[in-house]
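The values are calculated or read from the model by the stated rules, or taken from the named source; none is laboratory data. If you're wondering where the values come from, they're calculated on a predicted model, not measured in any experiment. Quick reminder, even Gly has a Cβ in these numbers, built from the backbone with ideal geometry, and neighbours come from all protein chains shown. Just so you know, the surface numbers come from the protein's heavy atoms only, side chains and all, with ligands and any DNA or RNA stripped out. Shrake-Rupley method; radii C 1.70, N 1.55, O 1.52, S 1.80 Å.
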Amino acid sequence: MHSVTSPEPKFSAVLTIPVIVVSLGYFVDVYDLLLFNIVRVPSLKDLGLSEEEISRIGANIYNWQQAGLLIGGFLWGILGDKLGRRSVLFGSILTYSIANIACGFTHNIEFYSMLRFIAGLGLAGELGAGITLIAEILPKELRGYGASVVASVGLAGAVAAFFAVKLTDWRTAYFIGGGMGLVLLALRVNVLESIVFNKSLENRGSKPVPWWTIFTNWSRFVRYIRCMGIGLPTYMVIGIYSTFGNEFAKALGIAEEVPAGTCVLYTYIGVVTGDFFSGILSQWLRSRKKAILLMMGMTLAGVVWLIYGGISSASTLYICYAWLGFSIGYIAMFLTTTAEQFGTNLRATVTTSVANNVRATVLLTLPLFQFLKPDLGVLQAGALVGFLCFALALISLSKMEETYGKELDYEEV
């Protein structure tokens, strides 16, 4: 049992330079991550593609970005455990900032695909390294608050990306994202390395624990899968329910036009407030598991409302998406929990790769949704995929260790 009897420190103590800089880094990360989704059609149309080519080639470019995220998740995580969390924050943001600026100059599809791969590679390191650093720097009683600040500021980047594209053209939107990243790079000069990591580096013997033992050691593998499992509902909501909000609206019989982008926007507005709330909720309950369970329950209620609640107007649908966004707002919380599940010598590898692997679960849930749609229809296909994700998430959460107040100064052996 971990002692949690000490007085709760004040929330204001969280607002340190590392937390602020990591928060701004996540803001730029989300902005750049979603930017291709938003400018996909106008950018490819500007490059002379037909409507059929935009759909096919756009999906291909998106897959290149996802491949970069998957590879980068392990690459930056391994580097974070070998060289330090701070070095990953520098390297990742420099990589994706340059790639995004270059995207603003592209006139070639092949070059565009390569740049999105490089951008994905760079974007993969930001959130996991940032959450790991914050978890190790902040006192154990403040980690939940730290996750709240990072997530709420960071996910506002999604809203900023939508408005940047509305107010400018797609090339300028890329320049803005890359420029923000380079400005942030200068701010990160003053961010110190985690003392926990430096101590771990000094104490490591001649037999370090290889990163691949996450998958060959049964205890680590089970912990890793559980960490991924509890995040399943978050990107299922974003990748299916929100992204295909126009199809759900049509299936519900809503006569008004419902753009999918507007559904995503309302979802992310909800996520910003939800992620802030979930960290504070975790502190109030003195439990990571109870806070995540409550947020999952709210998400499930939102899914039932969406599919079976008889929504008949666009305005009600947008409110439902805002609710769903708020409810899945435990993204930073489940990553903080992930960081707390593993020792310092594997913490960055696990947290960074889990962050990107959960994003990539859409590559499994979306094809399943598309496969089921012709026979079951949009609503029932969405319900079945949702049921599978929630079942796996709840099983994973029920078996996890409670890590509220856990000391992180330990190693995997």
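The slack between Ala260 and Asn60, meaning 0.36 nm per residue of separation minus the straight C-alpha distance, is 70.0 nm.
Ranked from largest to smallest solvent-accessible area, with a 1.4 Å probe on the protein heavy atoms, Thr172, Thr213, Thr403 come out as Thr172, Thr213, Thr403.
Which FRET efficiency, nearest 0.05, do Thr273 and Ile20 yield, Cβ-Cβ r, R0 25 Å?
Here the calculated transfer efficiency is 0.85.
The GluC sites (Glu not before Pro) of the range 160-262 that DSSP puts in a loop, and whose beta carbon has at most 10 other beta carbons within 10 Å, are Glu256, Glu257. Toward the positive end of the charge dipole of the chain, with +1 on the Cβ of Lys and Arg and -1 on the Cβ of Asp and Glu, the farthest Cα among Tyr96, Leu317, Pro374 is that of Tyr96. Averaging the sequence gap over all C-alpha pairs within less than 8 Å and six or more residues apart, then dividing by the number of residues, gives the range 1-134 a relative contact order of 34 percent.
Ordering Thr267, Thr316 from largest to smallest accessible area (1.4 angstrom probe), what's the sequence?
From most accessible down to least: Thr316, Thr267.
Placing a pseudo-label 7 Å from each Cα along the Cα-to-Cβ vector at Ile225 and Val304 gives an inter-label distance of 2.9 nm.
Projected label points at Ser50 and Lys290, each 7 Å from Cα along the beta carbon direction, are separated by 6.1 nanometres. If you take the charge dipole of the chain about its Cα centre, with +1 on Lys and Arg Cβ and -1 on Asp and Glu Cβ, which of Val362, Gly72, Phe175 is farthest toward its positive end? It is Gly72, whose Cα lies furthest towards the positive end. Listed by chain and number, the lysines whose alpha-carbon sits under 28 Å from that of Lys289, ignoring those within fewer than 8 places in the same chain, are Lys10, Lys140, Lys399, Lys406. Extension gain for Ser315 to His107 (0.36 nm times residue separation, less C-alpha to C-alpha distance): 71.0 nm. For Lys250, give me every one of the lysines with a C-alpha distance below 27 angstrom, ignoring sequence neighbours fewer than eight places off in its own chain. Here the lysines satisfying the reach criterion relative to Lys250 are Lys45, Lys166, Lys373.
One quarter of the surface of the convex hull around the alpha-carbon atoms of the range 92-173 equals 5.9 nm², the direction-averaged projected area. Packing around the peptides 282-294, 151-163, taken as the average count of other Cβ atoms within 10 Å per residue, puts them in this order, highest first: 151-163, 282-294. Taken about its Cα centre, the chain carries a charge dipole of roughly 720 debye when the Cβ of each Lys and Arg holds +1 and the Cβ of each Asp and Glu holds -1. Given their separation in residues at 0.36 nm each and the Cα-Cα distance between them, Ile195 and Phe387 gain 64.9 nm when the chain is fully extended. A Förster radius of 41 Å combined with the Cβ-Cβ distance from Leu167 to Ala67 puts the calculated FRET efficiency at roughly 0.85.
Summary of the geometry: the range 246-285 and the range 300-373, compared by the centres of their Cα atoms, lie 11 Å apart.
Counted as membrane-span-like here are DSSP H helices of the chain whose alpha-carbon atoms extend 24 Å or more along the helix's own axis and whose Kyte-Doolittle mean is -0.5 or above; these are 17-46, 51-83, 85-103, 143-167, 170-187, 218-236, 260-285, 288-308, 344-360, 362-399.
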